[in-house]
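Before any comments, here is the structure.
The values are calculated or read from the model by the stated rules, or taken from the named source; none is laboratory data. Remember, predicted model here, so these are calculated numbers, not experimental data. Reconstructed Cβ throughout: ideal geometry from the backbone, glycine too, with neighbour counts over all protein chains shown.
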């Protein structure tokens with residue numbers, strides 16, 4: 001009798017979990033925008049624009065490019081100073097008016113070994129791994145605060161809850177970027193229809 005492939009849910013060690021989901025991430029062509037620029041000791045304007053294009057996933061619109069140039073590239077000297085000696089006080093003073101996700105990404109640009117990448121996908125993975133629920137960040141924050149404070153709440157969630165969580169995954173020789181890739185892909189899976197079949201006992205707001 002011919003056999004057919006099916007997917008099933010298994011638990012695994014941290015290393016196996018990270019290895020599996022980071023392989024799903026693969027090596028997309030756009031990844032060069034990140035890897036070719038992030039390790040530079042000093043950034044120029046092209047580095048910043050390339051990194052934000054990577055974060056955006058597509059070429060920046062005119063509005064987004066103008067925002068990056070006005071709010072970030074114009075302060076390139078400060079970014080390069082922070083790369084040498086990071087200060088949270090100096091960072092907040094100079095970049096306080098940015099949206100939370102792009103502000104957090106700037107922290108990653110400045111110190112990729114210290115600050116993890118943060119978006120809706122890694123949040124979804126984090127929330128599931130810590131609560132067993134599949135939820136979206138905006139819904140979680142709306143439950144707790146007024147919309148006018150949502151950007152600040154995202155930053156607080158990142159600093160107070162997410163960073164300690166992802167740093168706890170940095171055992172042995174697993175780099176932070178690999179954890180980022182793992183959680184991004186696991187978070188995307190949780191949003192897919194497949195998660196309903198493979199994780200039947202999970203709670204979801206979908």
Exercise for review: Evaluate region 90-103: report whether one residue or more is within 24 Å of residue 183 (Cα to Cα) and modelled with pLDDT of 95 or more.
Suggested key: yes
Revision key, fill the gap. Over region 57-86, the set of residues under 19 Å from the mean Cα position of the chain (by Cα), free of Cβ contacts under 8 Å to residues at least 12 places away in the same chain and either exposed (fewer than 15 other Cβ atoms within 10 Å of the Cβ) or in a helix (DSSP H, G or I) (or both) is 58, 59
Check your understanding: Given region 104-185, what helices (runs of 4 or more DSSP H) lie entirely inside it while holding 1 or more residues that are at pLDDT below 90?
Key -> 137-144, 150-157, 163-168
Practice item. Check whether at least one residue in region 87-100 is part of a helix (DSSP H, G or I), touching a strand residue (DSSP E or B) at 6+ places or on another chain (Cβ under 9 Å) and surrounded by 15 or more Cβ atoms within 10 Å (Cβ to Cβ), and report yes or no. Key: no
Practice item. All but one of (1) farther than 21 Å from residue 54 by Cα; (2) modelled with pLDDT of 90 or more hold for residue 76, so report the exception by its number. Key: (1)
Exercise for review: Might you let me know whether region 138-154 holds any residue that is touching a residue at least 60 places away in the same chain (Cβ under 8 Å), crowded, with 18+ Cβ neighbours inside 10 Å and on the phi < 0 side of the Ramachandran plot?
Suggested key: no
Exercise for review: Could you tell me which residue of region 21-56 is surrounded by the fewest Cβ atoms within 10 Å (Cβ to Cβ), considering only residues that are over 30 Å from residue 81 (Cα atoms) and without any contact (Cβ under 8 Å) to a residue 40 or more places away in the chain?
Suggested key: 29
Study note, to complete from the structure: All-but-one check, residue 116 against (1) crowded, with 18+ Cβ neighbours inside 10 Å; (2) under 15 Å from residue 14 (Cα atoms), failing number (2)
